[in-house]
Every structure is written in C-alpha cells, then in structure tokens.
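FYI, it's all coordinate maths here, none of it is from the lab. Since this is a predicted model, take the numbers as computed values, not measurements. Positions of Cβ are generated from backbone atoms using ideal geometry, with glycine treated the same way; all protein chains shown enter the neighbour counts.
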Amino acid sequence: MSDRDTLWLRERPRLLAIAYNILGSWADAEDTVSEAWLRLRSAPELIDARAWLTVITSRIALDIATSAARARTDYIGPWLPEIVVLDEPGPEDRAVLQESVDLALVRMLQELEPPDRVILVLADVFDVSFRDIAEVLGSTPAATRQKASRARRNLARAEAAGGSVAPAADLAGLARALQTGDLAQLTHLLSEGCVLWTDSGGLTRAARRPIHGADKVARFLAGIIGTFGMPTLTVEPAVGGAVIRAESEDQVRMVVVEVAEGRITGLQIQQNPAKVRHC
C-alpha cells in the first residue's frame, strides 16, 4: 500500500464528515470524497497532504452545495438532511461518528448560504485555519474572519429557537411510552414554539410547510395516528445522533427529535425514501 493510500484511508472518515455537514446529503458527500481521491491520485508531491485534502474536499462540496441550493428552490415541501442509519457500524462508520455533528445542527446549517456553511463547519467544527478556509472560498483570511462573524450570528439566531438531538436513552423511553398509546407523554414534552418539518420530496403524502406551535404539532401527530394507528417505534443509531424509526401501515418514517431544557423544540420527519441510507 502506497503512502497516499494510507493517507486516504486515514483521512476519508474526516472528509466524509466535512462534506456531509456542509451538504446534508450522504450521497453527495460520498461523491465529493470520491472526486477528492481522484484528484489526490493525480496531484504532484504535496507538502501538507492533509490540509490539501481538506481544501479540495471543501471546494468540491461548496460547488455541489451551490448547485443544490438552486435546485432546492423547486423541491416540494421542506428539505431536511439525509438520514444515515448505521445498521452494523464498522471501523470507518465509528470514525465518521466521532467526526460528525448533531443532526439538529446539520439542519440549521442547511438554512445558511453555502459559503457560510463551509466557514462554520471548517472553522468551528474541524478547527481549520482561516488561511485554508480563505483558499476554499477564493478570499482573504481577513475577509473570511468577517464572514465567519456574520455566519455565527445567523446560526445563533437559529440555535436560539432550536435544540440538539435527544439522547438514545431518552428516545427509547419516549418510544416505550408512545407504544402503549400514551400520546399525552409526547404532547406534554412539546415546547410552545415547537416546529415540525416533514420531508417527502413529493414522493409521499406530507405537510408542505413547517408546522409551528405545540397545539398544531400535537393535532398533526394525532391526525396521523388516528388515520394509520400508532406506528411500531424503534430507536436506531445514525450519523449525527439517534433517530426513531416509525413504521406505520402506510410507510416508514425516520424522526429526529430536537430537545432543549427537557422540552421538544423540533421534530424532523424524514419520509422521502430516497433520503434514508443504511450503512
């Protein structure tokens, strides 16, 4: 095995995590790192191959994110990050998990402009220097620092109303309560400003707009359960946090539960079958 092969095997999980956090799509992240590998194979001798890979991967991800942002204007309903369920995590999966960020944060990042996403993922998650980030953006370190300040303010506004992914143990307890038909256990935990997003891409029946407010969210969930019955609920590990798998007679939904101070602030319901991956 060559030195570059060894380098690639070591760096690939980190690069996958960078690309996924920027793009919110595992398929696009895999395409990104594959392209980076092709460029590495044909690159001349590198002084700092790790930094070079970070810049190249981020630049490819930025190009894809910019194109995707234009395409999402025609997307039917809310767009949520792809969920990657880890059925039997292998060594690389565990390495990606160590590098991944919370699925709630991935959702919030997708609301930012692509360059802002790149800056925050590289600077605040992966501790990349502003000199290298500036190279990705075709800017200067000083200008990149200014953009980072603006991006952090924009993200802080989203975080103020959001939360983080509920721990697997809490999800398991919630799933057990719901499985007994105790919907009140869920509605009691909804924060007043709770938001529910349903991503179907037009492939399945779903709410076309986010649902705001505890009462409206509770009524929406009660309506689904009243129509199709209480789904079979299981908790599964995924990149960026545990998710609830809800299997009803009509379809399978993957649910990301966002919480803050013990209350549910957001429910990401992913029911676009093309955006649930199993690894």
At q = 0.10, 0.11 Å⁻¹, what base-10 log of I(q)/I(0) does the Debye formula yield for the chain when every alpha carbon is treated as an equal point scatterer in vacuo?
-0.54, -0.65
Show me, for the range 64-72, the HN-Hα J-couplings you get by feeding each phi into the Karplus relation (A = 6.51, B = -1.76, C = 1.60, θ = phi - 60°), rounded to Hz, glycine and proline as x.
5, 4, 5, 5, 5, 4, 5, 5, 5
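Would you mind ranking THR66, THR144 by Cβ crowding within 10 Å, fewest neighbours first?
Details: THR66 12, THR144 24.
Listing THR66, THR144 from fewest to most nearby Cβ atoms yields THR66, THR144.
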For the range 164-278, rounded, prolate or oblate, judged on the Cα gyration tensor with a ≥ b ≥ c (square roots of eigenvalues), a/c < 1.5 rounded, else prolate if a/b > b/c?
rounded
What is the P(r) of the range 123-172, as percent of Cα-Cα pairs per 10 Å bin from 0?
22, 36, 24, 14, 4
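Can you show me the helix-derived [θ] at 222 nm for the chain, built from DSSP H runs with n ≥ 4 at -39,500 (n - 2.57) apiece and divided by the number of residues, rounded to the nearest 500.
Numbers: 11 runs with 148 residues, N = 279.
Mean residue ellipticity, 222 nm, calculated: -17000 deg cm²/dmol.
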Tensor-based shape of the range 78-193 (alpha-carbon gyration tensor, a/c under 1.5 rounded, otherwise prolate or oblate):
oblate
Pick from VAL121, VAL252, VAL239: which is most flexible by mean-square fluctuation in a GNM of the chain where alpha carbon atoms under 10 Å apart are linked?
VAL252
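ASP124 to GLU249: FRET efficiency via 1/(1 + (r/R0)^6), r the Cβ-Cβ distance, R0 35 Å, to the nearest 0.05?
Values: r = 43 Å, r/R0 = 1.23.
Approximately 0.25, to the nearest 0.05.
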